[in-house]
Every structure is written in structure tokens, then in C-alpha cells.
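Below is one structure; the comments refer to it alone.
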Amino acid sequence: NKVEGGIPMNIKNSTSKVDMCTPTEEYWEERFGWLYASSVCGITDIKDSAGTYIDSLSAAENSSGTITYAQIYMNPDIDVFEKNDTFKEKTMVHESGHVLCLRHSDGDYYPLSDDVDSIMKRGSLGYKTPQSHDITDLSNKY
């Protein structure tokens, strides 16, 4: 899909609360730099009811607490997803976890052991369904 200002043109006036797209390679490289463009599989942009772009832990902690829109972007480089048949699906599940306000299970702000089973573990993308850790996090949040 063609992207303008980070928003896919075909959904710019959408009433959807969550959208997913594959932006142009130019947009992806501009956002991540050519050196890192192939190492990022997907990313989720989230905005709250105050219009705040939630891009950090402090932004999340200071947000209105009500997510009004999320945009999931998938890497446009087809080679990134040729690792196995389910890699793209696992990336979508991981990014959908962010829409539900789940954090990376192995992030600096959420220090758990590297061996925790979670859809939110960075880099592994080993699961297509939420694991017990994810379900516990969701239950605690909602």
C-alpha cells in the first residue's frame, strides 16, 4: 500500500481502530535506515485519546490510558519473511500484542529471564498464539 506521512493512503479516512499495511521500501528505509531496514520485521504505532504517539515507556505511562488507534506496519522486503512459512504470521501476532499494550517480555523495563515463553519476546517470534505469560499479562491489565 502507498504510504503518505506514515498513514497508508487506502485507510487514511478509515474508521478502523487497528490497521495493518506493508509500506513502500522507501518509507521503510527512511524510517529505519538502510542498515537496519531488513532487521525489523514489523512495528506498531499507537495513539491514545489525547492524540499522543506512544513510542516509549514514559509516553505509555503518561498517556490517557485509552488507545484510539494502532497501525501495524510489516516489512516490505519479501526476503525477510522467507525464513519459514509462519514467520509473517508470528510477526503479526507479536505486533498485535503491542496493540493490546503488551511490552517486550525481555525489555530493559520488564526484566525477565530470556527463556520465558511469550509472543512478545523480541527476535524469536516463536509463537502464533499467546502463551501463559502473555495471558497472565493480559489478565492483569484488563
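At-a-glance table
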read-out: Estimated FRET transfer efficiency (residue 45, residue 132; beta-carbon r; R0 30 Å; 0.05); value: 0.60
read-out: Theoretical gain in end-to-end length, residue 77 to residue 89 [0.36 nm per residue, Cα-Cα removed]; value: 2.8 nm
read-out: Linear extension gain, residue 36 paired with residue 52, 0.36 nm per residue minus alpha-carbon span; value: 3.2 nm
read-out: Ranked by how many other beta carbons lie within 10 Å on average, peptides 29-35, 68-74 from highest; value: 68-74, 29-35
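Throughout, read-outs are computed from the coordinates displayed, never taken from laboratory work. What you see is a predicted model, and the numbers here were worked out from it, not measured in a lab. Quick reminder, even Gly has a Cβ in these numbers, built from the backbone with ideal geometry, and neighbours come from all protein chains shown.
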